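The values are calculated or read from the model by the stated rules, or taken from the named source; none is laboratory data. On a predicted model such as this, the values are computed, not experimentally measured, just so you know. Cβ atoms come from the backbone with ideal geometry, glycine included; neighbour counts cover every protein chain shown.
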Amino acid sequence: MIDAHCHFQAEDSLSEVSCILSDFDAKHRETMLKMAKNNENQWCVVGTHPWRIDSERVSEWRSTFNAAFIEEHAVVGIGEIGLDYIFAKERASQERQMVVLEDQIQVAQEFELPLLLHCVRAHQDLLRCVKDFPFGGILHGFRSSYEIGMEYVKRGFLLSLGAAINHEKANKLKVVVQRIGLEHIVVESDAKSEATSTLDKSYQTLAQIFKLDIEALEGITEKNLEKTFRLR
Ligand SMILES: [Zn+2]
């Protein structure tokens, strides 16, 4: 079982969990890089989240970012980056998020790395930003329509499902996921500490949707991630 997106922060206890880690501040980034470096089943993405663009500059991590750094710390992508228009309500701050996002897409282009995207009420702008991006990645916390999902799929992105898929009112999302197809789907906890039960539940829900056993499902989602993030 692999967690496509999480923010685990306890360095010692989590070496058994396969996951792609994402930082949430500069201090956590240090811990995360160590975890990814020391555990062969853990990888990480580095980036400036749209909530943090005023407190942290891309240049802070960009200055240490090079091929050797990427290799040594098992960095497999740029993220969590994106647009959040609930967090930024005014057009001026939305535009600031876009500038920071585009700067990071540039870094990803330069190092040929996929993206891990965060998007809240901003799909049109985000889809425009990644229109010609050639290395794909993940849209995390997917819960939108079939049409929006397919726009990301067309651009080479996987759709990552969080706990929302387990909600009793998630029937519409389940139909969307089934239509999109398992070859474009991965599963995430988005948690700060180990969340095996959430992941288990999501895999069980997917097993019902696709009428597959858990092992087969895990194999497919793992392959999706391995391919997009060149994990092994
Ligand atoms: Zn997250």
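Are any of the residues in the range 148-169 among the hydroxyl-bearing types (Ser, Thr, Tyr), part of a loop (DSSP other than H, G, I, E, B) and touching a helix residue (DSSP H, G or I) at 6+ places or on another chain (Cβ under 8 Å)? No: the range 148-169 contains no residue that is among the hydroxyl-bearing types (Ser, Thr, Tyr), part of a loop (DSSP other than H, G, I, E, B) and touching a helix residue (DSSP H, G or I) at 6+ places or on another chain (Cβ under 8 Å).
Inspection of the range 12-34 finds a residue satisfying the criterion of being within 25 Å of Glu222 (Cα to Cα) and basic (Lys, Arg).
Summed over the range 166-191, residues that are among the aliphatic types (A, V, I, L, M) and surrounded by fewer than 17 Cβ atoms within 10 Å (Cβ to Cβ) total 1. Note on the range 169-191: residues that are farther than 19 Å from Ala4 by Cα and within 16 Å of the ligand (Cβ to nearest atom) amount to 0.
Checked against the criterion of being more than 16 Å from the ligand (Cβ to nearest atom), within 24 Å of Leu225 (Cβ to Cβ) and either at pLDDT below 95 or in a helix (DSSP H, G or I) (or both), the candidates Glu60, Glu30, Glu11 yield just one match: Glu11.
Quick check on the range 154-168. Is at least one of its residues more than 23 Å from His7 (Cα to Cα) and at pLDDT below 95? Yes; the residues of the range 154-168 include at least one that is more than 23 Å from His7 (Cα to Cα) and at pLDDT below 95.
One line per residue, one yes/no per condition, for (1) within 24 Å of His184 (Cβ to Cβ); (2) charged (D, E, K, R); (3) in contact (Cβ under 8 Å) with a residue 12 or more places away in the chain; (4) out of contact with any strand residue (DSSP E or B) (no Cβ under 9 Å at 6 or more places or on another chain):
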{"residue": "Val17", "(1), (2), (3), (4)": "yes, no, yes, no"}
{"residue": "Asp23", "(1), (2), (3), (4)": "no, yes, yes, no"}
{"residue": "Ile53", "(1), (2), (3), (4)": "no, no, yes, yes"}
{"residue": "Ile70", "(1), (2), (3), (4)": "no, no, yes, no"}
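Count of the range 82-113 residues, restricted to those that are buried (at least 16 other Cβ atoms within 10 Å of the Cβ), outside any helix (DSSP H, G or I) and within 16 Å of the ligand (Cβ to nearest atom), is 4.
Annotation: Val120 fulfils all but one of (1) touching a strand residue (DSSP E or B) at 6+ places or on another chain (Cβ under 6 Å); (2) of a type in the set (Val, Ile, Thr); (3) farther than 14 Å from Glu80 by Cα; the unmet one is (3). Candidates Glu226, Glu194: the one that is within 14 Å of the chain's Cα centre (by Cα), within 26 Å of His49 (Cα to Cα) and either assigned to a helix (DSSP H, G or I) or among the charged types (D, E, K, R) (or both) is Glu226. Just one of the numbered conditions (1) away from the ligand (no atom under 16 Å from the Cβ); (2) at pLDDT 95 or above is not true of Gly137: (1).
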